[in-house]
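Structure record follows, encoded as structure tokens.
The values are calculated or read from the model by the stated rules, or taken from the named source; none is laboratory data. This one's a predicted model, so the numbers in the text were calculated from it and none came from an experiment. Positions of Cβ are generated from backbone atoms using ideal geometry, with glycine treated the same way; all protein chains shown enter the neighbour counts. SASA here: full protein model, heavy atoms, side chains in, ligands and nucleic acids out. Shrake-Rupley method; radii C 1.70, N 1.55, O 1.52, S 1.80 Å.
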Amino acid sequence: MRERGTFAERTKALKSDETNRKVFLVYEGAGTEVLYFDALKARREDVGINPLIELVPIIRSYSEDGWSNPKKILDRVIENLEEDKTGRITHESLLNRIMDYFYDEKILTTSRVQADAVWKLMQDGCKNVLQKPLSAVVSDLEEDCKSIIAYLNQESEIANIVADISEIIKTSVITFAEGFDKICLIVDRDKESFLAEQENNQYQYVLEKCKEKGFDFYVTNPCFEF
């Protein structure tokens, strides 16, 4: 999961003693919801949103594309926040940061075929060069990142990927200030994919986990648009 930075623009010049409070929007969809919250940002003054509140959508990284299950999304957000807090990230998170950097720098564009090929090469580099599974925690972030980039330069048709390793490492960080900012999880109440069965009560799990973490949890009825 990562911030969509272009959304979170300041709406006015702030006084030196004023601090923006960020509201991170985590929603299960990747299509219609984006349009809703882009429109909300555009009309924020009309609906009375305080200029000191910064709306920051959280979007999927490469390996999370297509995810829609609220439990899965929530668990990954919590995992990424813990990684940002401790500095201990998995190799999957590192590869996602590299992919996010490639998209941001237009090294990759909209070709899913090209992106899939690059991802597979990086997986191979992780396995064959670093000899680590994607779930393993990275022991040396900068060196592992350099090794993956070097392998990709060697094996890829993308010529001369000269990347600033420090910029890649910073990519995808969620700039959440615990106790000050707010995270809002917004989901549909879908009985087919968001289960509330006795043996698998995903709804109750998400509700309790949001209470534990201090996240706001908003549920919409799928019979009408949010």
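Things to note:
- Using a probe radius of 1.4 angstrom, the carbon and sulfur fraction of the accessible surface of the range 25-82 is 54%.
- Amide hydrogen proximity for Leu108: with H placed 1.01 Å from N in the peptide plane, the residues at 5 or more positions away or on another chain lying under 5 Å are Tyr103.
- Distance between the modelled labels on Val173 and Arg88, one decimal in nanometres: 1.9 nm (7 Å Cα→Cβ projection).
- 3J(HN,Hα) from dihedral phi, the range 86-96, Karplus parametrisation 6.51/-1.76/1.60, rounded to Hz, x for glycine, proline: 9, x, 9, 10, 7, 5, 4, 5, 4, 5, 4
- Over 22 Å between alpha carbons, listed pairs Lys182/Lys211; Lys71/Lys213; Lys22/Lys211; Lys22/Lys146; Lys41/Lys209; Lys85/Lys211: Lys22/Lys146; Lys41/Lys209
- Hz values of 3J(HN,Hα) by residue in the range 120-131 - Karplus curve (6.51, -1.76, 1.60), Gly and Pro given as x: 5, 4, 5, 4, 4, x, 5, 6, 8, 8, 7, 6
- Amide H partners (placed H, <5 Å) of Thr220, local residues excluded: Val187, Asp188, Arg189
- Solvent-accessible ranking of Glu142, Glu45, largest area first, probe 1.4 Å: Glu45, Glu142
- Ranking by accessible area, most exposed first, for Ser139, Ser61 with a 1.4 Å probe: Ser139, Ser61
- For the range 9-148, accessible area per residue (1.4 Å probe, heavy atoms of protein chains only), Å²: 53
- Burial order of peptide ranges 145-156, 88-99 (average beta-carbon count within 10 Å, highest first): 88-99, 145-156
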